[in-house]
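What follows is calculated from the coordinates using simple rules that are stated; it is not laboratory data. What you see is a predicted model; the values in this text were computed from it and never measured. Note: ideal-geometry Cβ built from the backbone for every residue, glycine included; neighbour counts use all protein chains shown.
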Amino acid sequence: MQLNKDLGGFNPYDNLIASNRFVAEVKTVRVKSNQGIIKKGTVLQLNEGKEEVNGQPILSILDGNGTADCIVVDDYDTDIPSNTVSSIVLTAYETGHFNRLALIVKDGYNISPSDETALRYGGIILSNSVSKRGGER
């Protein structure tokens, strides 16, 4: 984690946060290392019965094979030059109000109603805003 930069800074032009009506709180999570850049706005899922490090589950990008859990706060480069590190820690939103159209999931997958329900039970509300974030998905 980089302590010399702002994490999760609000950028009104990325359309990720739909409103501040619901408090956006963050938590630290683990993901597998060496999978390239995980972009801000990526939805992560819990994979039941999968790997853990020190009791903390290793999350993956939402693909429908787990339970939607949180949204990545910033861009993270997961490539680690050492083969000894199997996971990295990053920061993710666990609550807040987000633009559904700005969220990122695995290629070929779309957020399902059950994913939305899981996020809502955890404190994440989704709604549609005017546009996608920066023209990407």
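Listing for the model above:
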| read-out | value |
| --- | --- |
| Estimated translational D of the stretch 17-128 in µm²/s (Stokes, Kirkwood radius over Cα pairs; 4 °C; 1.567 mPa s) | 92 µm²/s |
| Spread of Cα-to-Cα distances over 5 Å intervals beginning at zero, given as percent, for the stretch 91-131 | 6, 21, 31, 29, 13, 1 |
| Value of relative contact order over the stretch 17-128, rounded to a whole percent, pairs C-alpha under 8 Å and six or more apart | 36 percent |
| Charge dipole (the stretch 17-128, unit charges on Cβ, about Cα centre) - positive-most of Ile125, Gln45, Ser19 | Ser19 |
| Cα-projected label distance for Asp75 with Asp63, points at 7 Å along beta-carbon direction, nm | 2.3 nm |
| Proxy reagent accessibility, fewest Cβ within 10 Å first, across Arg21, Arg30, Arg120, Arg100 | Arg21, Arg120, Arg100, Arg30 |
| Charge sum, other residues only, whose C-beta stays under 9 Å from Gly66's C-beta, Lys/Arg counted +1 and Asp/Glu -1 | -2 |
| Local net charge near Gly36, Cβ-Cβ under 9 Å (Lys/Arg +1, Asp/Glu -1) | -2 |
